[in-house]
1. Angle check, please: helix 46-57 long axis (alpha carbons) against the longest principal axis of the chain (alpha carbons), in degrees 0 to 90, nearest 10.
2. Can you tell me the orientation of helix 6-23 relative to the chain, as the angle in degrees between its alpha-carbon axis and the longest Cα principal axis, to the nearest 10?
3. Could you calculate the contour length gain from residue 5 to residue 51, that is, 0.36 nm times the residue separation minus the distance between their Cα atoms, to one decimal place in nm?
4. Between helix 30-41 and the chain, what is the angle of the helix's C-alpha long axis to the longest principal axis, kept within 0 to 90° and rounded to the nearest 10?
5. Any idea how far apart residue 60 and residue 24 come out in nm if each label point goes 7 Å out from Cα toward Cβ?
6. Here are a few candidate values for Rg and Dmax of the Cα atoms in Å: [x] 13.9, 56; [y] 15.5, 51; [z] 10.8, 35. Which one was actually calculated from the structure I just gave you?
């Protein structure tokens, strides 16, 4: 049985995320693509990229 590398698993996760964006007819920004490439290479995690995107796009509302 062939062993699947961690990088292959990360690449598949990133492909699924980008496919979900395409299904919703959304285009990822350059920083998202760079973040996803960093995920594939193991330098970043999808959770960290998501946090950065949320920080960039979602405004904090103080009550």
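No lab work stands behind these numbers, since they all come straight from the coordinates. This is a predicted model, so every value here is computed, not measured. Reconstructed Cβ throughout: ideal geometry from the backbone, glycine too, with neighbour counts over all protein chains shown.
1. 20 degrees
2. 50 degrees
3. Numbers: separation 46, 0.36 × 46 = 16.56 nm, distance 2.56 nm.
Length difference between fully extended and current span is 14.0 nm.
4. 30 degrees
5. Taking the simple label geometry, residue 60 and residue 24 are separated by 2.3 nm.
6. [x]
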